[in-house]
1. Would you kindly work out the equivalent ellipsoid of region 5-158 from its C-alpha gyration tensor and give its semi-axes, the square roots of five times the eigenvalues, largest first in whole Å?
2. Taking R0 as 22 Å, what FRET efficiency do you get between Tyr43 and Lys113 from their Cβ-Cβ distance, rounded to the nearest 0.05?
3. Given Lys50/Lys159; Lys35/Lys102; Lys135/Lys155; Lys35/Lys113; Lys93/Lys159; Lys126/Lys155, which pairs have Cα atoms separated by over 24 Å?
4. Taking the mean number of other Cβ atoms within 10 Å as a proxy for protection, how do you rank 51-60, 11-20, 106-115 from highest to lowest?
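Each value in this text was obtained by applying a stated rule to the coordinates, not by laboratory testing. The shown structure was predicted, so the numbers you read here are calculated from the model rather than taken from an experiment. Glycine gets a Cβ as well: all are built from the backbone with ideal geometry, and neighbour counts include every protein chain shown.
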Amino acid sequence: MANVFAGSEIVQMGVRIEENGRDFYEALAGKSKSKKAGDIFQYLAAEEEKHIVTFREILESVHKYEPPESYPGEYFAYMNALAGEYVFTQENKGKGTAASIKSDIKAVDLGIKFEKDSIIFYDAMKRVVPEGQDKVIDALIAQEKSHLLRLFNLKDSLK
């Protein structure tokens with residue numbers, strides 16, 4: 001029998017990712033040398049806060065779910081691997097990660113990595129939410145893509 005897991009656990013990881021993202025961008029906004037970078041980091045922190053609210057709403061509608069798998073436990077193992085490689089699924093990692101960054105360019109590079117990781121994770125998450133909620137996840141992915149574009153543009157302007 002396939003490994004049944006709570007889709008809510010995966011959505012809760014999404015909440016944690018957004019909390020860490022918010023903390024990360026808030027910390028960067030406070031220490032950025034560039035006003036433009038600081039403003040964008042503050043904007044991104046506010047966006048992550050909105051995503052926290054959205055994921056908490058999704059969390060209320062998620063139940064145990066068994067996604068289609070090629071072999072028992074396949075999907076659960078995949079999500080665990082994604083989460084294990086993604087630092088922002090770990091509790092309270094946002095501020096600590098930001099504290100170690102020494103330049104705005106390094107901050108932007110790390111933000112780009114985190115936004116890409118979020119897009120991959122959220123795309124996979126769509127399989128564990130009830131029908132209809134996947135459209136909400138698609139909207140969040142679109143927003144993460146716009147954040148990615150902002151960061152790429154910021155990086156170009158800081159060079």
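1. Details: eigenvalues 171, 43, 34 Å².
Rounded to whole Å, the semi-axes are 29, 15, 13.
2. In this case the efficiency is close to 0.75.
3. Pairs exceeding the cut-off: Lys50/Lys159; Lys135/Lys155; Lys93/Lys159; Lys126/Lys155.
4. Values: 51-60: 16.6, 11-20: 22.1, 106-115: 20.3.
Answer by packing, highest mean first, reads 11-20, 106-115, 51-60.
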